[in-house]
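Note sheet for the following structure.
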Amino acid sequence: MSKITFSDWLRESLQFIGRAPVTWFGCCLIIGALMTLGKLSLALGVFVSVSSLFVGVGVAKYIDLKSSGENPVALGWAVKKSLPLAILAAGSLVLCWGAFRTIAGIAAGDWQNIAKFFFYWEFTPENLLRQTTRELAIWLFGYANVALIFCLLMLNSFASWFSYPLMLFRNYGWSAAKEEGRAALSECSNAFYKLQGFIFLQALLCLSVTPLLTPVLYMLTSTLMYVSYQSVFGSRSK
């Protein structure tokens, strides 16, 4: 097996855009639209954003199959296949986030802040009339970048980078996916650390410098997850 590098993963992921630009950017637009739900409920916003991240892995699989001409499937197949597991993963993340926020709220005696996690209408004229498009995008998508970072930290702590695709494409249980995923990462640790650093850096940039690219970063992260999984597990995937 040739040495696995982060540059190879990134190059192959960017090539997915050219293989199905309408599908790829269409997903970015849908993700961006769903992210606006975070301005009426942070819990709902985190849920749909993280769900979109994992459904994007299924979409990447669809693009791969369609462009290669091997066993072509419909886009609906990719969404239907990946959505249940994506919902489970997103729900778990929201529960953890909500628990942390509730504990902090109780400690501070701020019960109103706990309630705001589940519902808080922010679509007011004062919020919508931002001076620039960048400021509006920061307001709309800022939480999603924090959610992405939090999601990656949770994956690294309680699962592995490859856990989701292993569970999705090979029907692994959580424990088995965690063990095999971490074993595989030990063989490409240098590429993986660079990949994580890249995503974290881009998420931080999207918090203030390039907020409009937040949905693109989500779809790119999904594609990177699929491409890296394929490069490590190859023909063993289903």
Taking the alpha-carbon centroid of each part, what is the distance from region 45-122 to region 189-238 in angstrom?
16
Taking 7 Å along the Cα-to-C-beta vector as the label spot, tell me the residue 208-residue 176 distance in nanometres, rounded to one decimal.
4.6
Taking a probe of 1.4 Å and leaving out DNA, RNA and ligands, region 30-99 shows per residue an accessible area in Å² of 40
Residue by residue through region 29-40, which ³J(HN,Hα) values in whole Hz follow from phi under the Karplus form 6.51 cos²θ - 1.76 cosθ + 1.60 (θ = phi - 60°), with glycine and proline marked x?
5, 5, 4, x, 5, 5, 5, 5, 5, x, 8, 10
What length, rounded to one decimal in nm, is gained on full extension from residue 146 through to residue 36, with 0.36 nm per residue of separation minus their alpha-carbon distance?
38.1 nm
Work out, step by step, the length gained on full extension between residue 139 and residue 201: first 0.36 nm times the residue separation, then minus their alpha carbon distance; give nm to one decimal.
20.4 nm
Plugging the Cβ-Cβ distance of residue 189 and residue 96 into 1/(1 + (r/R0)^6) at R0 = 25 Å yields, to the nearest 0.05, a FRET efficiency of 0.45
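Give the peptides 13-20, 160-167 in descending order of average Cβ contacts within 10 Å, highest first.
My ranking of the peptides, most packed first, is 160-167, 13-20.
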Full-extension gain in nm, residue 132 to residue 111, via 0.36 nm per residue minus C-alpha separation:
4.2 nm
Determine ³J(HN,Hα), in whole Hz, for all residues of region 208-218 in sequence, where each value follows from phi through the Karplus function 6.51 cos²θ - 1.76 cosθ + 1.60 and θ = phi - 60°; x replaces Gly and Pro.
9, 9, 10, x, 5, 8, 4, x, 5, 4, 4
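The values are calculated or read from the model by the stated rules, or taken from the named source; none is laboratory data. What you see is a predicted model, and the numbers here were worked out from it, not measured in a lab. Positions of Cβ are generated from backbone atoms using ideal geometry, with glycine treated the same way; all protein chains shown enter the neighbour counts. Just the protein is used for accessible areas: all its heavy atoms, side chains included, with ligands, DNA and RNA removed. Shrake-Rupley method; radii C 1.70, N 1.55, O 1.52, S 1.80 Å.
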